[in-house]
Amino acid sequence: MIGAIQGLGRRTLDGLRGLGEAVLLMLRILRAAPEVVRRPRLLIEQLYVVGVLSLVIILVSALFVGLVLGLQGYYTLVDFGAEDAVGTMVALTLVRELGPVVTALLFAGRAGSSLTAEVGLMKATEQLSSMEMMAVDPERRILAPRFFAALLAVPLLAAIFSAVGVFGGYLVSVGMIGIDAGAYWSNMQNAVTVQDDILNGAIKSVVFGFLAGWIALHKGYMATPTSSGVSRATTMGVVHTSLAVLGLDFLLTALMFG
Amino acid sequence: MSQRLVEIWVGLFVALGLAGFLVLALQVSGLAEIRQQPGYQVAASFDNIGGLRERAPVSMAGVRVGKVERIELNPESHQAEVILRIDQRYDRIPVDTSAAIYTSGLLGEQYVGLEAGWEDETLGSGDRITQTQSAVVLERLIGQFLTRMQD
């Protein structure tokens, strides 16, 4: 009995300690922001790694998500004789929800995992400690550029995702099914607004980029310095980012579109 | 990979991302349409506008001629004050034109339909459409039907 209570207490304390470490790490990363702006070369390198290299998967997924949304939207709406609204449905779904969320999930798998593994391995092979020996701050040199690259890349990728998805919906509903192109665009333009839908979607994607970068780097930085520890940290990074994105998405939707 | 190539790719990526935002703002939300057409404003009062919303289309003989710019309640007459924005190229609409609120399809959006009058004088900026017909509210229709039944 006492043992069970002790176990519960230990877990709570461990959880709180982990959270505290993560917050402190974030504060140190944010403090390195001026350094990143002053020397953007590191940031550009990381933008290439997490952004440019994620482009292909984002473009392909967005196209197929758009195609499927157009098709399913049509099948559902045609029963009500409202198939002209398929453009509205595709655009609102993508801009408000699927664009930011699916981008963040794909980003966690494609780029977040590699960030965690890279930083974890740097720690396991004691590259981070040797940097400290040489009076180079690993948070400034390694973590900050990677974090800000994720923060910048996710909103850009999400915007690309939504735009390509809307185009995919257009291909299916106008090209394949034969809905009037004017109805597709004009219904969409009547329903979607910049300040409500597109701005809120962009805010969501910034939040998700923050989360994805933060969790991935924290898991890598705190990984047990063994090969199994790094592999575990990589898995946990992707799982926790996905859960955090999905949970926070519900909260943000309730706040924004309530 | 050389630094130059990395920078080119990142530049392309950022440009593509910004282009994505631009497409969303202009093509998807129709921001371009707002500044595209110069137009003039015409006011109309309705007893009941039903589910009419701002940015709803204004059409004449089924052709889109403008959009609903603003909807507010007139505090004195307790009527809905609807400001319509008609595209400039349709500047020969007679002054005795009437406006009604219709629904497109069974469940579709509501829009303002204009019915041309016969006068030679045409509507201009700031003019008012006097003959208006409210939206058909389904509950009210059913209510009237039920009271008739009871008689």
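The values are calculated or read from the model by the stated rules, or taken from the named source; none is laboratory data. No experiment lies behind these values; they were computed from the predicted model shown. Cβ placement follows ideal geometry from the backbone for every residue including glycine, while neighbour counts extend to all protein chains displayed.
Condition test on B:SER59, is it in contact with a Phe, Trp or Tyr (Cβ under 7 Å, 6 or more places away or on another chain) and of a type in the set (Ser, Thr, Tyr)? Break it down into steps so the answer makes sense when it comes.
Working: in contact with a Phe, Trp or Tyr (Cβ under 7 Å, 6 or more places away or on another chain): yes; of a type in the set (Ser, Thr, Tyr): yes.
Yes.
Would a scan of segment B:69-86 turn up a residue that is within 14 Å of chain A (Cβ to nearest Cβ), surrounded by 12 or more Cβ atoms within 10 Å (Cβ to Cβ), at negative phi and at pLDDT below 85?
No, segment B:69-86 contains no residue that is within 14 Å of chain A (Cβ to nearest Cβ), surrounded by 12 or more Cβ atoms within 10 Å (Cβ to Cβ), at negative phi and at pLDDT below 85.
Here are B:ALA25, B:ALA15, B:ALA43, B:ALA32: which of them is more than 21 Å from A:GLN195 (Cβ to Cβ), in contact with a Leu (Cβ under 9 Å, 6 or more places away or on another chain) and either of a type in the set (Gly, Ala, Ser) or modelled with pLDDT under 85 (or both)? Write out each step before concluding.
On the way: B:ALA25 fails: more than 21 Å from A:GLN195 (Cβ to Cβ); B:ALA15 fails: in contact with a Leu (Cβ under 9 Å, 6 or more places away or on another chain); B:ALA32 fails: more than 21 Å from A:GLN195 (Cβ to Cβ).
Result of the check over B:ALA25, B:ALA15, B:ALA43, B:ALA32: B:ALA43.
Mind listing just one residue for me: the one in segment A:14-49 that is under 23 Å from A:PHE107 (Cα atoms) and charged (D, E, K, R) and, of those, farthest from the chain's Cα centre (by Cα)?
So the residue we want is A:ARG41.
Output the number of the condition that B:ALA61 fails; it satisfies all remaining conditions of (1) at positive phi; (2) surrounded by 15 or more Cβ atoms within 10 Å (Cβ to Cβ).
With respect to (1) at positive phi; (2) surrounded by 15 or more Cβ atoms within 10 Å (Cβ to Cβ), B:ALA61 is out only on (2).
Here's the yes/no breakdown for (1) within 17 Å of the chain's Cα centre (by Cα); (2) more than 9 Å from every other protein chain (Cβ to nearest Cβ); (3) at pLDDT 90 or above:
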{"position": "A:VAL101", "(1), (2), (3)": "yes, yes, yes"}
{"position": "A:GLY120", "(1), (2), (3)": "no, yes, yes"}
{"position": "A:LEU156", "(1), (2), (3)": "yes, no, yes"}
{"position": "A:PHE161", "(1), (2), (3)": "yes, no, yes"}
{"position": "A:SER186", "(1), (2), (3)": "no, no, no"}
{"position": "A:GLN189", "(1), (2), (3)": "no, no, no"}
{"position": "A:VAL192", "(1), (2), (3)": "no, no, no"}
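Test of understanding: among A:PHE257, A:PHE208, which residue is buried (at least 16 other Cβ atoms within 10 Å of the Cβ) and of a type in the set (Phe, Trp, Tyr)?
Details: A:PHE257 fails: buried (at least 16 other Cβ atoms within 10 Å of the Cβ).
The match here is A:PHE208.
What tally of residues in segment A:27-58 results from selecting those that are touching a Leu at 6+ places or on another chain (Cβ under 9 Å), among the hydrophobic types (A, V, I, L, M, F, W, C) and surrounded by 12 or more Cβ atoms within 10 Å (Cβ to Cβ)?
11
Taking the stated definitions as given, is A:LEU55 closer than 13 Å to A:PHE107 by Cα and in a helix (DSSP H, G or I)?
On the way: closer than 13 Å to A:PHE107 by Cα: yes; in a helix (DSSP H, G or I): yes.
So A:LEU55 fits the description; yes.
May I ask you to say which residue of A:GLY182, A:GLY175, A:GLY169 is within 12 Å of chain B (Cβ to nearest Cβ), more than 28 Å from A:LEU27 (Cβ to Cβ), without any contact (Cβ under 8 Å) to a residue 12 or more places away in the chain and in a helix (DSSP H, G or I)?
Details: A:GLY175 fails: within 12 Å of chain B (Cβ to nearest Cβ); A:GLY169 fails: without any contact (Cβ under 8 Å) to a residue 12 or more places away in the chain.
Exactly one residue qualifies, and that residue is A:GLY182.
In this structure, does A:VAL154 turn out to be closer than 20 Å to A:LEU248 by Cβ and buried (at least 24 other Cβ atoms within 10 Å of the Cβ)? It would help to see each step written out before you state the result.
On the way: closer than 20 Å to A:LEU248 by Cβ: yes; buried (at least 24 other Cβ atoms within 10 Å of the Cβ): yes.
Yes: the conditions hold for A:VAL154.
Out of A:VAL86, A:VAL68, A:VAL49, I need the residue that is closer than 25 Å to B:PHE13 by Cβ and either part of a helix (DSSP H, G or I) or modelled with pLDDT of 90 or more (or both). Which one? Give the steps one after another, and end with the answer.
Working: A:VAL86 fails: closer than 25 Å to B:PHE13 by Cβ; A:VAL68 fails: closer than 25 Å to B:PHE13 by Cβ.
Every option except A:VAL49 fails the conditions.
Of (1) within 14 Å of another protein chain (Cβ to nearest Cβ); (2) assigned to a strand (DSSP E or B); (3) at pLDDT 85 or above, B:ARG64 satisfies all except one. Which?
That leaves (3) as the condition not met.
Let me spell it out: the conditions are (1) within 22 Å of A:GLY99 (Cβ to Cβ); (2) exposed (fewer than 15 other Cβ atoms within 10 Å of the Cβ); (3) of a type in the set (Ser, Thr, Tyr), and A:THR235 meets all of them except one. Which number is the exception?
(1)
List the number of the failed condition for A:PHE80; all other conditions in (1) surrounded by fewer than 21 Cβ atoms within 10 Å (Cβ to Cβ); (2) over 30 Å from A:ASP197 (Cβ atoms) hold.
(2)
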